[in-house]
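*Asks:* This structure is in C-alpha cells; I'll ask about it shortly.
The values are calculated or read from the model by the stated rules, or taken from the named source; none is laboratory data. Computed from a predicted structure; not experimentally measured. Cβ coordinates were reconstructed from backbone atoms using ideal geometry, including for glycine residues, and neighbour counts include every protein chain displayed. Remember, those area values only see protein heavy atoms, side chains included, never the ligands or the DNA or RNA. Shrake-Rupley method; radii C 1.70, N 1.55, O 1.52, S 1.80 Å.
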Amino acid sequence: MSKIKAFLFDMDGVLLDTETVCKITWERAAREFGIENIADAFRKCVGCNRNDTEIILKDYLKDKVEPKVFRERTSELFQVVENESGLNKMPYVDECLSSLKSKGFRIALASSTRAESVNRQLRNAGIIDFFETLTTGDLVEHSKPAPDIYLKAASSLSLLPEECVAVEDSPNGVRAAVAAGMKCIMVPDLIEPDDEMKKIAWRIVPSLKDIDSLRCLFE
C-alpha cells in the first residue's frame, strides 16, 4: 500500500461556499427562461466543467434556450453576487489546510471550474498559497465524473493516484476520484450521500475539521 503524500481538494462546496450561490443563480435563470425541473439538472451538473454542463443541460432546456446561453446567464448572475457580497469559505478551511501542510502533506487543487475563476476566488479567499498546483476544468476535455482531472492533478505533483487522497463534496467528484484510483473523503454540501456514495467513498465526514482526526491513518 502506497504511503499517502498529497491531498487533492475540490474547490466548489469544499473550500468555498459557491454551490449555494450557483443553486440560487440557476433557479433565477430558470425562472427568466421558463424552465422547469432545473433542480434535477443542477444536481447532475455539480462538479462538471462548461462543456459537460452544456451537454447535460440539453435534455432539460429543450427548445426554450440554448445551453450556452443559459449557462452564461447563470455566470452573469453569479458574478453579481460575487462582486456585491464576495464568497464565503466553508467551515474550517484554513485550519484543515494549515494542519495538513504542517504535517508535510502536499496540497493541490482539482476543480472543474475554469482557471481564471479559480485563481481569483482562491486569491480573494486568502488560501491560494496553500496549493502547489491548480488543475482546472479548462485543462481537461471531460470533467467529473470522468477521472481525467484527478489523474492530471496527481501527475502535476509527479505522484501516483494511490499516493493521493481526494477531498470532495459531490457524487460526481467522488466518482471521478475513485475512477482515478484514489481514496476519496466526502464532505457533503448540498447533496447528501446516497448508498452509492457510502459504498465507494473511503470516508464520509461532516466537515473539514474531521479530516484532521483521520491523519493517523496516513502516517
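*Asks:* Looking at (1) more than 27 Å from ALA180 (Cβ to Cβ); (2) open to solvent by less than 80 Å² (accessible area, probe 1.4 Å), find the lone condition where PHE9 falls short.
*Replies:* Here PHE9 clears every test but (1).
*Asks:* Which residues, counting only those in region 39-60, are polar (S, T, N, Q) and either surrounded by fewer than 16 Cβ atoms within 10 Å (Cβ to Cβ) or assigned to a helix (DSSP H, G or I) (or both)?
*Replies:* ASN51, THR53
*Asks:* A further question on this structure: Are there any pairs, at least 6 apart or on different chains, whose C-beta atoms fall under 7 Å, with the first in region 16-35 and without any contact (Cβ under 8 Å) to a residue 40 or more places away in the chain and of a type in the set (Gly, Ala, Ser) and the second surrounded by fewer than 20 Cβ atoms within 10 Å (Cβ to Cβ) and part of a loop (DSSP other than H, G, I, E, B), and if so, which?
*Replies:* Here the result reads GLY34/LYS64, each pair linking region 16-35 to a residue that is surrounded by fewer than 20 Cβ atoms within 10 Å (Cβ to Cβ) and part of a loop (DSSP other than H, G, I, E, B).
*Asks:* Select from region 61-81 the residues that are open to solvent by less than 50 Å² (accessible area, probe 1.4 Å) and either in contact (Cβ under 8 Å) with a residue 40 or more places away in the chain or of a type in the set (Ser, Thr, Tyr) (or both) and list them in ascending order.
*Replies:* Across region 61-81, the qualifying residues are PHE70, THR74, LEU77, PHE78, VAL81.
*Asks:* Right, here's the next one. Restricting to region 1-38, name every residue that is farther than 19 Å from GLU192 by Cα and assigned to a helix (DSSP H, G or I).
*Replies:* Scanning region 1-38 gives THR25, TRP26, GLU27, ARG28, ALA29, ALA30, ARG31, GLU32, PHE33.
*Asks:* Return the total of residues in region 13-32 being farther than 17 Å from VAL80 by Cβ and modelled with pLDDT of 95 or more.
*Replies:* 2
*Asks:* Going through LEU134, LEU109, LEU100 one at a time, which residue ends up being of a type in the set (A, V, I, L, M), more than 15 Å from the chain's Cα centre (by Cα) and closer than 22 Å to ILE185 by Cα?
*Replies:* Going through LEU134, LEU109, LEU100 in turn, just one is of a type in the set (A, V, I, L, M), more than 15 Å from the chain's Cα centre (by Cα) and closer than 22 Å to ILE185 by Cα: LEU100.
*Asks:* Right, next: Any chance you could count how many residues in region 167-183 are over 17 Å from MET90 (Cβ atoms), at pLDDT 95 or above and of a type outside the set (A, V, I, L, M)?
*Replies:* Here the count works out to 3.
*Asks:* I'd like to check which helices (runs of 4 or more DSSP H) are fully inside region 108-219 and have at least 1 residues that are surrounded by fewer than 16 Cβ atoms within 10 Å (Cβ to Cβ).
*Replies:* The helices (runs of 4 or more DSSP H) meeting that bar are 115-125, 148-156, 195-200.
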